[in-house]
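A short write-up of the structure that comes next.
The values are calculated or read from the model by the stated rules, or taken from the named source; none is laboratory data. Since we're looking at a predicted model, the values are computed, not measured. Neighbour counts are summed over all protein chains in view; Cβ atoms, including those assigned to glycine, are modelled from backbone coordinates with ideal geometry. Calculation scope for accessible area: heavy atoms of the full protein, side chains included, ligands and nucleic acids excluded. Shrake-Rupley method; radii C 1.70, N 1.55, O 1.52, S 1.80 Å.
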Amino acid sequence: MKREELKAMGLTDEQVEAVMSKNGAEVAALNTQITTLKSEKAQLENDKKVITKEKEDKEKALDDLQKNSISNEEYQNKIKEIEANAKKEHEDYVLDQLIDQSLEEAKVLKTELARNSIKKSLDMDKISIAKDGKSLIGIKEQLEATKKTDPYFFEKKKASGYEPVDPEGNKGDEGDEISMASNFAKEANKSESQETKSQFFN
């Protein structure tokens, strides 16, 4: 619902702002939920792709062994190599996802220039994945330091909160945004529940 419609209902400016603030908070919460579900779904899809390739490579190696194309030692080494490659591909994907998540939390602008510049400035030797696999160690400090030296890559904080990344975007005036976001979240959650859990999470 728009401010004009609320005012037409007889609400004071203070009441209108209270309603819009609550509406904005609800939309933000739903958007966060949607982002999380999208990330989890993408992770499962990537794991499925990695596991499928790993299975196919192992089957090919076994076929070569049975045809005596390779020795048993070569087969064992090939299996270790396949498993190591699959693990690395999974970890690289998780790392990329967590870096993007960290940039979101640090309020880095959602432009290709800003994101690429910040990523290139990171010292990856000092960044590692936490044991829970859901966060990064060592990136927050680097982003805080970069924010001081290159503030133009970050959203500007205002008294009422951060400026929207898209100044022309919807600010939450439309009541339909909540129901649309809610429906999307439900569908994404339903889709996620149907995905097969990856072996990498075990």
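How would you order 10-19, 133-142 from highest to lowest mean count of nearby Cβ atoms within 10 Å? Don't skip to the end; give the middle numbers.
Values: 10-19: 12.4, 133-142: 14.6.
So the order, starting with the most tightly packed, is 133-142, 10-19.
Modelled label positions at K60 and K7, each set 7 Å beyond Cα in the direction of Cβ, lie 6.7 nm from each other.
Each residue, S39 and R115, gets one label point 7 Å from its Cα in the Cβ direction; the gap between the two is 1.3 nm.
Net length available on complete extension from A28 to K140 is 38.1 nm, with 0.36 nm assigned per residue and the Cα-Cα distance removed. Considering region 1-148, its Cα convex hull presents a mean projected area of 14.0 nm². Each distinct pair of alpha carbons in region 1-86 adds a 1/r term; the inverse of their mean, the Kirkwood radius, is 17.8 Å. With a simple spin-label model that places each label point 7 Å from the Cα along the Cα-to-Cβ direction, the separation between E91 and N77 comes to 2.2 nm. Taking the accessible area of region 1-138, probe 1.4 Å, and keeping the other protein chains in place, the carbon and sulfur fraction comes to 50%.
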